[in-house]
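Single-structure report; data block below.
The values are calculated or read from the model by the stated rules, or taken from the named source; none is laboratory data. Here the structure is a predicted model, which is why all the values come from computation and not from measurement. As a convention, Cβ positions derive from the backbone with ideal geometry for all residues, glycine included, and neighbour counts pool all protein chains shown. Ligands, DNA and RNA are excluded from the accessible area calculation, which covers all protein heavy atoms including side chains. Shrake-Rupley method; radii C 1.70, N 1.55, O 1.52, S 1.80 Å.
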Amino acid sequence: MAIEPFARKEPGPMKLSLSAYSFRKELTAQKDKPAEMTLFDLVDYCRDQDVPGVELTSYYFPTDFDADYLLKLKQHCHTAGISISGGAIRNDFCVEPSKLQAQLDEVEKWIKAYAILGAPAIRIFAGNVQKGSSSEEAIQRCAAACNIACEIAAQYGVFLALENHGGITAVPEDMLQIVKQVESPWFGVNFDSGNFKNFDNTYAELAKIAPYAVNAQVKVEIWQGGNKVPADLSKIVNVLNEANYGGWVALEYEAADPPKETIPVWLVQLKTLL
């Protein structure tokens with residue numbers, strides 16, 4: 001039981017960011033045509049919308065990116081007046097021991113990349129119970145892997161933020177079993193308002209993980225009683241306030257309406273609330 005909720009005496013300032021995942025279709029190349037947008041375009045979009053932060057999801061970096069690319073992207077963000085609020089990667093820390101090193105190597109690669117960019121935190125996943133394993137074993141594997149990864153993250157001054165992303169983090173109590181076994185001050189939770197399912201009061205479940213948050217993502221839809229419904233953004237922000245959270249709040253837009261036309265409407269609401 002290593003980590004306790006962060007000792008925040010009162011709510012801190014919350015700053016608005018926009019996640020690259022909000023433009024996942026536009027940022028992804030198709031077989032017959034290049035992507036409609038680049039991360040550089042996303043930064044410009046944030047500037048146009050007067051959004052101070054951008055979350056640079058790893059999925060949309062060129063596969064062959066190098067240090068020169070990272071430095072150009074960092075320079076572009078700074079001259080545009082946009083801060084890099086964080087990064088987000090794919091990983092699975094529940095894999096069998098023989099496959100874990102490959103996962104840790106990938107996480108280390110991105111820790112180093114995001115450190116060059118100056119990102120304060122990286123969203124990570126836990127994973128799913130492997131065939132022939134159990135939830136208890138998966139939780140232990142994930143916590144052990146997080147401890148190892150945090151040793152690397154600490155060297156670069158980057159937080160690793162575990163997201164409530166289904167699998168063994170689908171229930172707050174299971175997620176906090178992992179969190180409380182990680183002994184690093186460079187570890188916390190990536191609060192995602194849209195990922196808890198099958199709860200009658202999802203906002204109450206989100207309140208259980210909010211005190212551990214080092215990054216927050218807000219979706220415009222939320223699951224209640226197994227159904228996806230429009231989110232009450234004021235309730236989500238209140239959950240963060242009640243936990244004395246201070247830091248970045250990234251809009252991660254996943255709804256069906258076209259993002260370029262619809263996102264500005266939600267940004268206005270979030271600007272007012274934050």
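At a glance:
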{"item": "Average accessible area per residue (Å²) across the chain - probe 1.4 Å, nucleic acids and ligands excluded", "result": "46"}
{"item": "The range 110-207 shape via C-alpha gyration tensor axes, a/c threshold 1.5", "result": "oblate"}
{"item": "Gain in span if fully extended, residue 274 to residue 106, counting 0.36 nm per residue against the direct Cα distance", "result": "57.1 nm"}
{"item": "Largest-first principal axis extents, alpha carbons of the range 159-256, Å", "result": "38, 25, 24"}
{"item": "Residues whose placed amide H lies under 5 Å from that of residue 198, excluding near-sequence neighbours", "result": "225, 226, 227"}
{"item": "Measure of compaction for the range 20-82 (Cα Rg per 2.2 N^0.38 Å)", "result": "1.10"}
{"item": "Radius of gyration and Dmax over the Cα atoms of the chain, both given in Å", "result": "17.9, 54"}
{"item": "Estimated distance in nm for a label pair at residue 98 and residue 261, the labels positioned 7 Å out from Cα along Cα-to-Cβ", "result": "5.3"}
{"item": "For q = 0.12, 0.16, 0.20 Å⁻¹, Debye-computed log10 I/I(0) when each Cα of the range 1-138 counts as one equal scatterer", "result": "-0.61, -0.96, -1.21"}
{"item": "Shape category assigned to the range 55-115 from the gyration tensor of Cα positions, a/c cut at 1.5", "result": "prolate"}
{"item": "Hits among lysines - C-alpha to C-alpha of residue 9 under 23 Å, sequence gap 8 or more where chains match", "result": "180, 208, 235"}
{"item": "Kyte-Doolittle mean at least -1.0 and Cα axial length at least 15 Å: DSSP H helices in the chain", "result": "67-80, 97-117, 135-156, 259-273"}
{"item": "Magnitude of the charge dipole, the range 71-226, Cβ model with Lys/Arg +1 and Asp/Glu -1, debye to 20", "result": "560"}
{"item": "With every protein chain in place, the chain: carbon and sulfur % of accessible area (1.4 Å)", "result": "50"}
{"item": "Reachable lysines from residue 25, criterion Cα separation under 16 angstrom, eight or more residues apart if same chain", "result": "33, 260"}
{"item": "Dipole of the range 72-189, positive direction: furthest Cα of 132, 97, 82, with charges on the beta-carbon", "result": "82"}
{"item": "The range 183-226 versus the range 245-274: alpha-carbon centroid distance in Å", "result": "16"}
{"item": "Ellipticity estimate at 222 nm from DSSP helix runs (n ≥ 4, -39,500 (n - 2.57)) divided over the chain, nearest 500", "result": "-12500 deg cm²/dmol"}
{"item": "Lys, Arg +1 and Asp, Glu -1 on Cβ, resulting dipole of the chain about Cα centre, debye, nearest 20", "result": "200"}
{"item": "Built amide H within the under 5 Å cut-off of residue 246, gap 5+", "result": "12"}
{"item": "Sum of side-chain charges, residue 125 neighbourhood, beta-carbon under 10 Å (Lys, Arg +1; Asp, Glu -1)", "result": "0"}
